Amino acid sequence: MIATIVRNGFRALRRDRGAWILSFILPVAFFSIFAFVFAGMGGNSTPRVNVLVVDEDRSASSERLVRGLRQEGSLVATTRPEVKTGEPTPPEYTAATAVAAVKSGTAPVALIIPAGFGANPISFTPVTGRKAIRLLHDSSNPVAAQMVAGLLQKVVMTSMSDSMADLGMRYFAQASGGLTPQQRQKVDSSLAQMRDYTARRDQQSNPPAAAGDNNASGLVAVEMHDVVGENKRSPMIAFYAAGIGVMFLLFTASAAGGTLLDEAESGALDRILSARVSMTTLLAGKMTYSMLLACSQLTLMFLWGAAVFHLDLFTHLPGFIVMTVATSFAVASFGMLLASVSHTRAQQAAVATLIILTMSAIGGSMFPRFLMPEAMKKVGLLTFNAWAIDGYTKVFWRDEPVSHLAPQVAVLLGSGVVIFLIARRFARRWESV
Amino acid sequence: MATTSSEGPSSIPLQIDSVVKRFGEVTAVDGISLEVPERACLGLLGPNGAGKSTLIRSIVGRVRPDSGSVRVFGRPADSPAARKELGWVPQELALYPLLTGRENLDAFGRYQGLRGKTLRDAIEWCLEWAALADRADSIVKTLSGGMRRRLNMAAGMIHRPRIVLLDEPTVGVDPQSRNRIFEMVEALRDDGTTIIYTTHYMEEAERLCDRIAIVDHGRVIALGSKEELVTQSFGTRSDVLMRLDSEAHDAAAWTASRGGTLQDGVAHFPVDRPSEIASLLEAAARDGLNVIDLVLRRPNLESVFLQLTGRDLRQ
């Protein structure tokens, strides 16, 4: 008897494509995505942090430090914006443009090496009046700031070893009463060799190995400045509201689109289409409903965020409205497409679960994209989640004007239109046969 | 009901001309031509799979014929003008289960372009017609099967079409609800609505329809009133059913000698005139047979179908 029950179960499973997907494909897909995100698929694809470097000092020390930062494997250090083909080389970053770049999300961190830094670049003890490197960061990416701060100390040790030795000798001289002229000559000679070695090493193309552990012993003074979220009480709330919101929006849109399949199965769709309603009108109606539902959901999500987590919704209302409409439009079209390509409600539910969870994983709803490897960040741009989260981040985190949402809005609305047209094409099967 | 063709508006509610529809290897409708006059109630009678529903779906524009044409008051069936005149009650319960009856009628009325007072009046009329006024605000899924069937019909009538297509509207309902549905159809018929009613129950076709098309394998194999169909197949012939006390005699041999057949102790004799009964009774008395019971029965639509196809209607 038990064998019969088991056999029946497997027979039914074999014929249920949705159950197959949920049982076997989805877990493997998810495992693969998270393995890729966290382990880089076995390759050395640790995420590198973009750092903008402003050298206001222009001393030999600061230039060596900049070179060291450029050669640090865990950082992508740049001193000027990317040169575009056919355009003149842009000027180097200044303190002001670096602040603007961090605020706009171009890079999560900027380092400003102040004038006078080279006169006294490092110290083993706290010294008053020493020029500190300013580390400007965006606290929506807390990992990047800490990583750069630690790596900065490491880079100082590796790129400015002569300065360290020189400093050590000065401490020694103070403590021991001074060196003899012969000793002083030998030390100077050794320091020159060390500078020569450092210079030659800097010429080599291979950068040093990536940082294994951050040594924040404070050889160089660093002042951390949160240039984006300094006045915000709940830095990550907008991010999570958007991330989680979009994921559930996708589920809602999928369910709303699924009513088409319900109606097809019940015969109501035939009746509607036999009345004075065209397939395009019907799809547009369903999509409008789905979109309004999505708008309501996001509004509720952000209102809750404002009420409970102090999210500053009301001063960002225009951007919120623009992003909510664009995001809702895109996810609503996605729901229509899912319904129109599926043959049964069960199939649609299975496919929706697979696609939505995958999109949410790589699009940043479950795990911030800034912590992902570069390749995954790029793949994430194929999802609504990524564009929506980026847009909401611009609004709530970076306080950017509505006009700056153009790329996100264009992608969301454009893809929404394209997906709707594809859905309409697939929906032809429900028209007269 | 001859085939006609016309391009402009016409007073003829429905003209079906040589409609063919194939699904792969299967020919669901195989060249059907029909013309349904105003105020007629045409029954499409046939077994499951005969092509009735495909024909109905061709009329409402849900199936595109491979060849032939369907015209509603002279207009192509899939034109807006034709759709306005057509009401369709599909076999399935094509309703929104989570809406109330009134909300369903409101939705389907709006899909038909009704608004405002016209819509409100139409909803009230439908609720009265379907005897659902007292359950108008109940959610559909809480209604009984019969009530849902009636609401399904009402949803097809919300725009008061001049032609209504009822596709097996009594499937799965209890006898009481079936009677209620018959009353609804009769009310429409009395009101002058042209009705096309598909069924595989000959009792329904006999009760409701003034003309009947017998459909089999995608073709109309007979068309006419019930009497015309019976006469076409059997002429004036009736059946005399004579139950015999056959213990003492060889009833089977006697029945056969008189041109009849014996089934379960009942002798069946075809007769052209009722007067032939007297001679049968005389012969039975003369040959010492005891007649226990006797019935004179005219052939029915079931008999016609059996005669035409060699199969039972419900096979």
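Readers should treat all values here as calculations from the given coordinates under stated rules, not as data from a laboratory. No experiment lies behind these values; they were computed from the predicted model shown. Neighbour counts are summed over all protein chains in view; Cβ atoms, including those assigned to glycine, are modelled from backbone coordinates with ideal geometry.
Separation of region A:147-175 from region A:62-114 is 23 Å, based on Cα centroids. Under 19 Å of direct C-alpha separation, and excluding same-chain neighbours fewer than eight residues apart, A:Lys103 reaches these lysines: A:Lys232, A:Lys394. Here B:Lys117 is the anchor, and the lysines within straight C-alpha reach of less than 21 Å, apart from those fewer than 8 places off in the same chain, are B:Lys84.
Each label point was placed 7 Å from the Cα along the Cα-to-Cβ direction; for A:Thr89 and B:Ser67 their separation is 7.9 nm. For B:Cys41, the residues whose amide H sits under 5 Å from its own are B:Ile195, B:Asp210, B:Arg211, ignoring neighbours fewer than 5 places away on the same chain, with H placed 1.01 Å from N. Where is the GNM fluctuation largest for chain A (alpha-carbon springs, 10 angstrom cutoff): A:Val143, A:Val417, A:Val28? Evaluated over chain A, the most mobile residue of the options is A:Val28.
Within the same chain, aspartates and glutamates fewer than 8 places from B:Lys52 are excluded, and of the rest, those with a Cα less than 14 Å from its Cα are B:Asp30, B:Asp167, B:Glu168, B:Asp216.
Using 0.36 nm per residue of separation minus the Cα-Cα distance, give me the extension gain between A:Val143 and A:Tyr289 in nm, one decimal.
Values: separation 146, 0.36 × 146 = 52.56 nm, distance 4.02 nm.
Here the segment from A:Val143 to A:Tyr289 would lengthen by 48.5 nm.
Counting only C-alpha contacts under 8 Å and six or more residues apart, can you give the relative contact order of chain B as a whole percent? Walk me through the numbers before you get to the answer.
Details: 601 pairs, mean separation 61.1, N = 315.
Relative contact order here is 19 percent.
Using a Förster distance of 25 angstrom, determine the FRET efficiency expected from the C-beta separation of A:Thr79 and A:Lys377, and round it to 0.05.
Values: r = 23 Å, r/R0 = 0.91.
E between A:Thr79 and A:Lys377, to the nearest 0.05, is 0.65.
Computed from backbone phi with θ = phi - 60° and the Karplus coefficients 6.51, -1.76 and 1.60, the 3J(HN,Hα) list for region B:131-145 is 6, 10, 4, 6, 10, 4, 9, 8, 5, 3, 5, 8, 7, 6, x Hz; x is used for glycine and proline. Residue by residue along A:259-271, Cβ atoms of other protein chains within 10 Å of the local Cβ number 5 on average. Spin-label model, A:Ala192/B:Asp190: points 7 Å from Cα along the beta carbon direction are separated by 12.4 nm.
Ranking A:Trp387, A:Trp397 by Cβ neighbours within 10 Å, fewest first, what do you get?
Values: A:Trp387 26, A:Trp397 23.
By the 10 Å Cβ count, ascending: A:Trp397, A:Trp387.
Pairs of Cα atoms nearer than 8 Å and 6+ residues apart set the relative contact order; for chain A it is 18 percent.
Per-residue mean of other chain beta-carbon atoms within 10 angstrom of the beta-carbon, peptide B:98-111? Before the final figure, lay out each step's value.
Values: counts 2, 0, 0, 0, 0, 0, 1, 0, 0, 2, 5, 1, 3, 10.
Counting other chains' Cβ atoms within 10 Å and averaging over B:98-111 gives 2.
Database remark: amide H of A:Val51 closer than 5 angstrom to the amide H of A:Val76, A:Ala77, A:Thr78 (H placed geometrically; neighbours at sequence offset of 5 or more, or on other chains; Pro and chain starts carry no H). For region A:416-433, putting each phi into the Karplus relation 6.51 cos²θ - 1.76 cosθ + 1.60 with θ = phi - 60° gives couplings of x, 5, 4, 5, 4, 5, 5, 4, 4, 5, 5, 5, 4, 5, 8, 6, 3, 9 Hz, in residue order, rounded to whole numbers and with x for Gly and Pro. Each residue of region B:250-315 gets 111 Å³ once the volume of the Cα convex hull is shared out per residue.
Quote the FRET efficiency, to the nearest 0.05, computed for A:Val418 versus A:His343 with a Förster distance R0 of 25 Å and r equal to the Cβ-Cβ distance. If you can, show how the numbers build up before the last one.
Working: r = 23 Å, r/R0 = 0.90.
Once rounded, the FRET efficiency stands at 0.65.
Near B:Arg75, the amide H atoms lying under 5 Å from its own belong to B:Ser10; only residues 5 or more places off or on other chains count, and H is placed 1.01 Å from N. Between the beta carbons of B:Arg297 and B:Asn179, assuming R0 = 22 Å, the FRET efficiency works out to 0.35 to the nearest 0.05. DSSP bridge analysis restricted to region B:14-231 gives an antiparallel fraction near 55%, rounded to the nearest 5. Each residue of region A:133-143 is assigned a 3J(HN,Hα), and the resulting list reads 6, 8, 9, 8, 9, 10, 6, 6, 10, x, 5 Hz, derived from the Karplus form 6.51 cos²θ - 1.76 cosθ + 1.60 (θ = phi - 60°), x at Gly and Pro.
A Cα-only calculation for chain A places Rg and Dmax at 28.7, 106 Å.
Any idea what the alpha-carbon Rg over 2.2 N^0.38 Å comes to for the protein assembly as shown?
Scaled against compact globular proteins, the figure is 1.56.
Antiparallel as a % of all DSSP beta bridges within the protein assembly as shown, to the nearest 5?
On the way: 41 of 73 bridges.
Close to 55 percent.
In this rough spin-label picture, where each label sits 7 Å from Cα along the Cβ direction, the A:Phe314-B:Arg207 distance is 6.7 nm. Sorting B:297-310, A:332-345 by their mean Cβ neighbour count within 10 Å, with the most densely packed peptide first, gives A:332-345, B:297-310. Which shape class applies to region A:310-394: rounded if a/c is under 1.5, otherwise prolate when a/b exceeds b/c and oblate if not, where a ≥ b ≥ c are the square roots of the Cα gyration tensor eigenvalues? Here region A:310-394 falls in the oblate category. One way to sum up the overall shape of region B:187-315 is the equivalent ellipsoid from its Cα gyration tensor, whose semi-axes run 36, 15, 12 Å, largest first. Most simply put, chain A has about 20% antiparallel DSSP beta bridges, counting only bridges with both residues inside it. The ratio of the alpha-carbon radius of gyration of region B:14-231 to the globular-protein estimate 2.2 N^0.38 Å is 0.99. Could you work out which residue, out of A:Phe24, A:Phe248, A:Phe329, moves most in a Gaussian network model of chain A, that is, has the largest mean-square fluctuation with Cα springs under 10 Å? Comparing A:Phe24, A:Phe248, A:Phe329 in a Gaussian network model of chain A, the most mobile one is A:Phe24. Restricted to Cα atoms, region B:46-90 shows a radius of gyration and a Dmax of 10.8, 32 angstrom.
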